[in-house]
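Enquirer: Quick one: the structure is below, questions incoming.
The values are calculated or read from the model by the stated rules, or taken from the named source; none is laboratory data. Keep in mind it's a predicted model, so treat the numbers as computed, not measured. Note: ideal-geometry Cβ built from the backbone for every residue, glycine included; neighbour counts use all protein chains shown. Note: areas computed on protein heavy atoms with side chains; ligands, DNA, RNA excluded. Shrake-Rupley method; radii C 1.70, N 1.55, O 1.52, S 1.80 Å.
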Amino acid sequence: MAKILILEDDTTFAQLLEGFLTKHGHEISLATHIKPSFQLIENEKFDLFLIDYRLPDGIGFDVITHTRNQGISTPIIIMTSFNDVRTAVKSIQMGAFDYITKPVNPDELLMVIKNSLVKKESKDIKIETADSDLIKGKSAIADRLYEHIDLVAPTDMSVIIQGESGTGKEFAARTLHQQSKRASKPFVAIDCGALSKDLAASELFGHIKGAFTGALNDKKGQFEVANGGTLFLDEVGNLSYEVQIKLLRALQERVIQPLGSTKQVSVDVRIITATNDDLLNSISSGEFREDLYHRLNEFKIQLPPLRNRGSDLELFINHFVQLSNRDLDRNVKSISAEAKSLLLNYDWPGNLRELSNVIKRMVLLTPGEVAQVNALPDEMMISVNQQTMPGNASDLKAVNEQNEKTLIAETLIKVKHNKSKAAKMLNIDRKTLYSKMERYGIE
């Protein structure tokens, strides 16, 4: 049983969620506005936050920022009905665990909650082991990527891994560690984006009892935990300027000083960092130290986005289908031509992470052996249709029909497929709506 805070201003929907999740053994607290939710978050201990993206007094990102600044690492799931996966991707970049789109599928919701609770048990800051669930690509761009990894892995050079969210930066870092001379020693991963300014120094360098309010015991920093091995700092650009100074000293002198202590501790770690953005931009804006950047950037690896990986996409689709069959006890053996076309033509802004989530959802919603297109999110169809829309207005009829199809699909999603409401919003009668849905192949 998990204690879950639901932050949702649609009280009817929130009560439906409460009843459903209570039936499955969870303890639920409800809030409709962000400000009251902050009081609940600070006064009670929750296992999970289930948060609507758009709220009366703000957006879901505000909750992510608040919990991160408070040092609260409770998993956050964002709910969005705006058919924009880019919003969801940004929420994950900011520290959310996952996202789910409305209308919410009950089985999908339970799956996402289960995954987030399993992640919570293993903590965000952890010693990693090899992950056999990940797979290397076989395209030319993948070959070049792994040539670079093979080249730098045996050295002790500091490496920056740069790439969009979801491209597999931690997998690349773990691969570097496994192919290094330090493979038998710890690999410690820290999500710097989930650490507040006050907590970052303590997590990296440790503290002694009484060093600050709440320091009830001595704590060993992750530098010490990783001693002899590899320390992976994800989203390193989020570290405060003060912590950057301490990190630079630790790299230069190979010693750390726990907060509140006068004792220096010798450490021997290899540093691998990752970032979504080019740190050179952060340097020019004064947010990142140039001397630290050069210390970290002895070698740079650029991870390509999924949309640029060519034949690897189909390889990854098949791999994630196999994993999802195993995890969900399903038996999907093939994907229909229409569904496969949609998967191959979508631009995947969330990269491998988004692909994994979409395939798992598809497998979950497929009772038989062949996955159909209706098991894929509607917003994927809308996105692909917008991509393939003619670039000029020479075929006015085709442009108008495409716009009409997109508008109908988006409206149906908005009203949770209530045909009467959709027809009213579109200012047409139900008969006309059904006719157009059949014409455009809208489920």
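Enquirer: (1) at pLDDT below 80; (2) on the phi > 0 side of the Ramachandran plot; (3) surrounded by 12 or more Cβ atoms within 10 Å (Cβ to Cβ): which one isn't true of GLY441, the others all being true?
Expert: (3)
Enquirer: Being in a strand (DSSP E or B) and crowded, with 18+ Cβ neighbours inside 10 Å is the filter here; which residues of the range 1-29 pass it?
Expert: Hits for the range 1-29 are ILE4, LEU5, ILE6, LEU7, ILE28.
Enquirer: Moving to a separate point now. Give the range 286-319 a look and list any residue that's open to solvent by less than 70 Å² (accessible area, probe 1.4 Å) and within 18 Å of TYR241 (Cα to Cα), or say none.
Expert: GLY286, PHE288, ARG289, ASP291, LEU292, TYR293, LEU296, ASN297, listed by residue number.
Enquirer: Next question. Just to be sure I understand, how many residues within the range 17-39 are closer than 17 Å to ILE77 by Cα and of a type outside the set (Asp, Glu)? I'd like the intermediate steps shown before the answer.
Expert: So the first thing to find is which residues in the range 17-39 are closer than 17 Å to ILE77 by Cα, and the list is 17-18, 20-21, 26-34, 37-38.
Filter again for of a type outside the set (Asp, Glu), leaving 17, 20-21, 26, 28-34, 37-38.
Total satisfying the criteria: 13.
Enquirer: Let me ask something else about it. Identify the single condition in (1) open to solvent by less than 40 Å² (accessible area, probe 1.4 Å); (2) in contact with an Asp or Glu (Cβ under 8 Å, 6 or more places away or on another chain) that ASN325 does not satisfy, given that it satisfies every other one.
Expert: Of (1) open to solvent by less than 40 Å² (accessible area, probe 1.4 Å); (2) in contact with an Asp or Glu (Cβ under 8 Å, 6 or more places away or on another chain), only one is false for ASN325: (2).
Enquirer: Also: Quick one: in the range 178-198, which of the residues that are in a helix (DSSP H, G or I) and touching an Asp or Glu at 6+ places or on another chain (Cβ under 8 Å) is surrounded by the most Cβ atoms within 10 Å (Cβ to Cβ)?
Expert: Step one: list which residues in the range 178-198 are in a helix (DSSP H, G or I), which gives 178, 192-194, 197-198.
From what is left, the residues that are touching an Asp or Glu at 6+ places or on another chain (Cβ under 8 Å) are 192-194, 197.
Values: CYS192: 20, GLY193: 19, ALA194: 22, LYS197: 14.
Filtering first and then ranking leaves ALA194.
Enquirer: Take the residues in the range 69-93 that are hydrophobic (A, V, I, L, M, F, W, C) and open to solvent by 40 Å² or more (accessible area, probe 1.4 Å), then tell me which one is modelled with the lowest pLDDT.
Expert: Among those residues, the one meeting the criterion is PHE82.
Enquirer: Moving on to the next point. Filter the range 250-263 down to residues that are more than 21 Å from ASP291 (Cβ to Cβ) and open to solvent by 30 Å² or more (accessible area, probe 1.4 Å), then give me how many there are.
Expert: 4
Enquirer: Where residues in the range 328-341 are among the aliphatic types (A, V, I, L, M) and outside any helix (DSSP H, G or I), which of them is most open to solvent (accessible area, probe 1.4 Å)?
Expert: Checking each candidate, the answer is ILE335.
Enquirer: Anything in the range 204-228 that is buried (at least 17 other Cβ atoms within 10 Å of the Cβ) and closer than 17 Å to ARG270 by Cα? List them, or say none.
Expert: LEU204, PHE205, GLY221, GLN222, PHE223, GLU224, VAL225, ALA226, ASN227, listed by residue number.
Enquirer: Starting from residues that are within 11 Å of THR406 (Cα to Cα) and not aliphatic (A, V, I, L, M), keep the ones in the range 357-386 and report whichever is modelled with the lowest pLDDT.
Expert: GLN386
Enquirer: So which of GLY237, GLY260, GLY228 is in the same structural domain as GLU203 (by the TED database), within 31 Å of the chain's Cα centre (by Cα) and farther than 26 Å from ILE283 by Cβ?
Expert: From the options GLY237, GLY260, GLY228, the qualifying one is GLY228.
Enquirer: I'd like to verify a number: residues in the range 265-285 that are surrounded by fewer than 15 Cβ atoms within 10 Å (Cβ to Cβ), farther than 20 Å from GLY229 by Cβ and more than 22 Å from the chain's Cα centre (by Cα), how many?
Expert: Filtering the range 265-285 down to residues surrounded by fewer than 15 Cβ atoms within 10 Å (Cβ to Cβ) leaves 266, 268, 277-278, 280-281, 284-285.
Still in the list and also farther than 20 Å from GLY229 by Cβ: 277-278, 280-281, 284-285.
Checking which are more than 22 Å from the chain's Cα centre (by Cα) leaves us with 280-281, 284-285.
Summing the residues that are surrounded by fewer than 15 Cβ atoms within 10 Å (Cβ to Cβ), farther than 20 Å from GLY229 by Cβ and more than 22 Å from the chain's Cα centre (by Cα) in the range 265-285 gives 4.
Enquirer: Find all pairs meeting these conditions: Cβ atoms under 7 angstrom apart; at least six residues apart or on different chains; first residue within the range 413-432 and not assigned by the TED database to the domain that holds LYS102; second residue modelled with pLDDT under 85 and among the charged types (D, E, K, R).
Expert: From residues that are not assigned by the TED database to the domain that holds LYS102, the pairs are ILE413/ASP378; LYS419/ARG430; SER420/ARG430; ALA423/ASP429; ALA423/ARG430.
Enquirer: From the list ASP150, ASP156, which one is in the same structural domain as HIS294 (by the TED database), in a helix (DSSP H, G or I), open to solvent by 30 Å² or more (accessible area, probe 1.4 Å) and on the phi < 0 side of the Ramachandran plot?
Expert: ASP150
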